[in-house]
Amino acid sequence: MRKPPLLLKDPVWMKILLILISFSFLSLIVIIPLLSIFLQAFAEGWQSYLRALSTFETISAIKLSLLVTMIVVPINILFGLVASWLISKFSFPGRQLLIASIDLPLSVSPVIAGLIFVLLFNSQTTLGHWFIENGFPIIYAIPGIVLATLFVTSPYVVRELIPLLQQLGNDEEEAAHLLGASGLRTFMRVTLPNIKWGLLYGTILCTARALGEFGAVSVVSGNIQGLTNTLPLHVEVLYNEYKFTQAFAVASLLTFIAVVTLTLKTVIELKTGKIQRAG
Amino acid sequence: MAIRVIKVRKKFQNFLVLDDVSIDISSGEFMALLGPSGSGKTTLLRVIAGLEQLEEGEVLLEGEKQHVGFVFQHYALFRHMTVFENVAFGLKVRLHKLSRAEIRDRVLRLLRLVHLEGLESQYPSHLSGGQRQRVALARVLAIEPSVMLLDEPFGALDAKVRKELRQWLRKLHDAMNITTIFVTHDQEEAMEIADKIAVMNQGKIVQIGTPDEIWHHPANAFVYDFLGNYNEFIGRKTENGLIHLCEEDELPKPRPQPIVEKKRWFKKWWRRPTPSVIENIPQVSQKYVKLFVRPYEISLSKEKPLEESITAQIVHINPAGPLIKIELERANGQIVQAEVSKELLNELQARKGDLVWVTPKSYKIFE
Amino acid sequence: MKGDCLTKFIYVNKYSKRSVIAGFLPTLSMTLFYLTLIVFIPLSGLLFNTLQMNTSQFLSLVSSPRVQAAFKISFGLSLMAGAISIFFGTIIGWVLTRYRFPGRRVLDAIIDLPFAMPTSVSGITLAALYSEQGWIGSYLNQFGIKVAFTPLGILLALIFVGFPFVVRAVQPALEEIEPEVEEAAACLGATRGQTVRKIIMPQLTPALLTGFALAVARALGEYGSVIFIAGNIPMVSEIVPLLIVIKLEQFDYLGASALALLMLLASLGLLLFINVLHMLLRISYAKTSSAA
C-alpha cells in the first residue's frame, strides 16, 4: 500500500479564505482610511492643499508641535538613559514597583493624563493660582502641554533600553572600570555605542507620540487657536468647523510623519535583526 | 517486506538530500540508519513516515491502514497537556474511539511499561530528559503502530541514560516485535542494538548489513572510517604477493608539490594521524597499496619479527580502559595508534621513549 | 541624625558596591525626582481631589443615569471590540506568520499604523469614511446599516485601535510553536483540524489573553479616535472619557476626577482579573522549551 504524505499544511481553500478575510478586514479598517486621507486632502487640488498648510493657524500649530517635541524628547531621552541604567544594572527593593510606575502612563487614558494636570494647576488650587498670579499659567498654556506630553511619552525610551541593557550585561562596563575609566566615561564610550539602535528606536517612538498626542493635550490646552493648538488639535478644530479639505490636508501631514515613523522603525528592526526576514 | 523504499529522490532548495535511495526492511526487523550529519538519514526516516514530499520514487507499506509511530529527536511533547493526555492523544483523535475507561486502562498500562507510573498528571516541563523520552515512546506505543521510527531518540541525553534507554528499547522491540527503524550518528549505538545497519553518506546508502558484516567487511574506506579509529600505512607488494610496510627510505620520492594536510574530525581522545608523505602516494598502483589497520590489530615487539615491519617510538601510554592505548611516532612523523592488552605491555616491558617494532596482524585494502 | 546618615550610607553602599558599576545614587535620585514630579504627584492629585467629595455627592454622581449609561457603553463596547479584535487579529497573525504571499511584508508593517497615527487623525478619517456621505458609509447605507454617529461607529473605532495588540501578541506565540509538535500530532493520527484545535490553539491562549487585555485597556481609555464617529449622544453613544471632558468644560472638577478615578479602578480591576486568568494558565504548564 502506498504511503501518502501526511496532511501537515492547511488546505489551499483555507489559506485563500484566511488571506481574503485578512485583506478585507485590513482594507476596511486601515488601508482605505489611509488612502482616503490623502485623497480628501487633495480633493480640491494642489494649490488648495498648500494654502491649507500655510495658514497662520496651521503654521502656529506646526511651530507649537515642534516646540513641544523638542523640549519633551530630549528630557525623556535623558530620563530613559538614567532610569534604564538604574533598573537594569542594580537590584534594590522596590525595583519592580518602579518598573510598574514607569509603565503607568501607558495604561492611563490620555484624557486622564490631561485631567491630572488640570486638577493640579487650575485657578482654584493654590498651586495653580500662584502660577497664574505670577504670569506663568500652566494649563490652557504651553507649559501644561509640555507637562502632559512629558507624562504620556515618558515610558517609550526606557522600555526600549531596559531589555537591551539587560541583554548586554555588565561585562564591558566592568572591564572598563577595571581599566580605570570613570562612570561617565564608561557610559559614553562603552555603553552608549552598544545601545545606539535601541536608543534611536525609542526616540523615534517617543517623537511620534509627542507629535501625535491628542487626548491629553486637548484637555490641557484649552484649544486657544494660534496659541495653544498643536497639529493634532488643529485637525479637530478644522473638522469641527466643517473645513474638511483643510482638516485632511493637515491630517495628511501628520499621516506622512506616521508613515515615516513606521518606515524608520522597520528599517531599524531589520538592521538589528528584530524581524525575521521572509524566507 | 514490511517497508519498501523504491528509488527515492528528494531535493531541498536545489540541494539533493536523497539520491536514488532504495531499501527493504523486513517485518520485525530492528534497523539503524547510520551516518554523519547531512547524510540524509533523518530525511529518509521522515520520508518513510510520510512527513516529506518526494520528487521521485515511492514508499510502500505492507498491508492495510498501517499505523506508523514517529519519535522525534526533541520529543515534541504537547507541553500544555499532562503526561496522561499526551499518551492518550493518539487514542482520542482516532476514528475508532475507545471508551474512556479503555483509554485510561491502556494509558496507565503503557506508563507502567515505560516505568513512569505515578507521573500521569505531571506536565512535560517538570520531567527530566529521559522521562520525557519515555513519554514520547509511550505516546507512540499507544496507537499500537506496526512500524516505529525514531529520530536520534537518545541524542539529547547523557551517556549513562543513553545506554540504559537503548538497551531498554531493544528489549521492548524483542517483546513486541514491532518493525523499528532508528536514526543515529553514533556507530557504537548502532552496532550494539541493531539487527541491520544501513550506512548513509551524502544522500546515498553506502552499505547495508548486519553489524558483523559491516565491521568485518566494510564496503569502502568511508564506512571503515566512520565505524572507528584506524591507522593508514603504505605497503609494498613483494614477489610472493605478501605486503610489507614501507619505511621512509623505501618510498618513491614524492612529486614536488605542496603537502596537503587533511583535517580529520576528532573522535574521543585520539588524535588522528596526519601523515604528510602518504597523501602524495597514489592509492593503489602496481607496487604500492594503502593499508587500513585498526588500533587493536597492531602488534608491538622488541625484536624484529619474521616479516619486515616498521619501527616507531612510544610517545604516550594511556593505561585507562580494558585495553592500553599506546601512541607511537614513526621517523617520518606519522602517529600510530595501537591498543594492546595489559599482559602484552607487561611482557614487552616498554616505556615511553622506547623504540619498538610495529606489525599489523590484519588489515584492509580498498580498491 | 548621625545614625540616620550612617544607615543611609550603609543602604546605598549595599546596593552600589555589589558590583563595580557606578551611578546608583545619582540615577536613583534623578529617576525618583522625575517620576515624582511627572507621575506620582499628578496621579495622587487625582486621588486627593476625589476624596474631597463627600459621600452624597459621590453617590448622586454614580447613580446618575447618564454616568451609568456611559460606563455601560464604554465597558460593553470595549469588551466587544476586544472580542472581535481577537477573532480578526488571530486570523491576521496566523496569515502573516504561516503563509507566504505577495504584499506580506507591507501588510505586516501596516498593522502598526493605528499605533503610530495621532488619534484625531484616525478619528476624523473613520468618521468621514463611514458617515452617510462617506465612501464606505454610503455603500452600507444602501443596506440600512448606519455606522457613524451610532454605537457601531464607536465599535469600529475601538477595533481600529485594539486589533494591532492582538496581532502583535499572536505572532511571536505562533512562531514559538515547533513544527515537530504539529508533525507529532499528525503522525498520531490527528486531522489538520484536530491539530489546530487541540494542539495549536491551546498554546496560543496565553498570548490571546494578553492581546485581549491590551486591546480592551486601550479601548477603554480611547478618546480621539472615537469622539468624531460616535455622535456623542448622552445615554446612547457617549463614552466615559468624553463625559470627563464635558465635566471639565463645566468646571466640575470634582465630578471629573471622581469619574476618572472610577474608570481607573474599574479598568484596573478588569486587567487584574485577566492577568489572574493568565497566571492560572501559566502555572499549570511552565514555559520551558520541550528539548531536554
Percent of alpha-carbon pairs separated by more than 22 Å within segment B:3-223: 52
In sequence order, calculated HN-Hα J values of segment A:45-53 (Karplus, 6.51, -1.76, 1.60; Hz; x Gly/Pro): x, 4, 5, 4, 4, 5, 4, 4, 7
Taking the C-alpha atoms of segment B:123-206, convex hull volume expressed per residue in Å³: 115
Shielding by partners, peptide C:102-112 (average Cβ within 10 angstrom, other chains): 4
Of A:Lys9/B:Lys92; B:Lys160/B:Lys342; A:Lys63/A:Lys243, pairs whose Cα-Cα distance is over 23 Å: B:Lys160/B:Lys342
Over segment A:23-68: Rg over Rh, Cα atoms, Kirkwood Rh: 1.17
Highest-fluctuation residue, A:Tyr201, A:Tyr239, A:Tyr140 considered, GNM on chain A with Cα pairs under 10 Å: A:Tyr239
Helix-only [θ]222 nm of chain A, DSSP H runs n ≥ 4, -39500 (n - 2.57) each, per residue, nearest 500: -23500 deg cm²/dmol
Test item: Cα-centred dipole of segment B:21-83, Lys/Arg +1 and Asp/Glu -1 on Cβ, debye: 460
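Percentage of Cα-Cα pair distances in segment C:38-127 greater than 19 Å, rounded to whole percent?
When every Cα pair of segment C:38-127 is considered, 70 percent fall beyond 19 Å.
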Counting DSSP beta bridges with both ends in the protein assembly as shown, the antiparallel % (nearest 5): 75
P(r) of segment A:81-201 over all Cα-Cα pairs, binned every 10 Å from zero, in whole percent: 12, 31, 25, 19, 11, 1
Residue-averaged beta-carbon neighbours from other chains (10 angstrom radius) around C:43-49: 5
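How much net charge surrounds C:Val196 when only other residues with a Cβ under 10 Å from its Cβ are counted (Lys, Arg +1; Asp, Glu -1)?
That sum, taken over residues with Cβ under 10 Å, equals +1.
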Tensor-based shape of segment A:1-123 (alpha-carbon gyration tensor, a/c under 1.5 rounded, otherwise prolate or oblate): oblate
Inter-label distance, nm, simple model (7 Å from Cα along the C-beta direction), A:Leu17/C:Arg98: 1.3
GNM result for chain C, Cα springs below 10 Å: residue of C:Ser29, C:Ser257, C:Ser120 fluctuating most strongly: C:Ser29
Dmax and Rg, reported as Rg then Dmax, of the protein assembly as shown (C-alpha, Å): 37.5, 122
Per-peptide average of other Cβ atoms within 10 Å, ordering B:290-301, B:118-129, A:39-50 highest first: B:290-301, B:118-129, A:39-50
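Taking every pair of alpha-carbon atoms in segment C:195-252, give the share separated by more than 18 Å as a whole percent. The partial results should precede the final answer.
Values: 892 of 1653 pairs.
So the portion of pairs separated by more than 18 Å is 54 percent.
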Gyration tensor (alpha-carbon) shape descriptor, segment A:43-271, a/c threshold 1.5: oblate
Average beta carbon contacts from partner chains per residue of B:120-129, 10 Å cutoff: 2
Per residue convex hull volume, Cα atoms of segment B:7-81, in Å³: 141
Calculated on alpha-carbon atoms, Rg and Dmax of chain C in Å: 24.4, 81
Rg to Rh quotient for segment C:72-237, alpha carbon positions, Kirkwood Rh: 1.06
Reference-scaled alpha-carbon Rg (2.2 N^0.38 Å with N residues) for segment C:164-292: 1.51
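Can you give the calculated 222 nm mean residue ellipticity of chain C, where each DSSP H run of n ≥ 4 adds -39,500 (n - 2.57) and the sum is split over every residue, rounded to the nearest 500 deg cm²/dmol? Walk me through the numbers before you get to the answer.
Details: 16 runs with 220 residues, N = 292.
It lands at -24000 deg cm²/dmol.
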Cα lying deepest toward the dipole's positive end in segment B:3-223, options B:Ser37, B:Val47, B:Val71, charges on Cβ: B:Val71
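Computed from the coordinates by the stated procedures, all read-outs in this text should not be read as laboratory data. Keep in mind the model is a prediction, meaning the values are calculated, not measured. Positions of Cβ are backbone-derived with ideal geometry, glycine not excepted, and every protein chain shown enters the neighbour counts.
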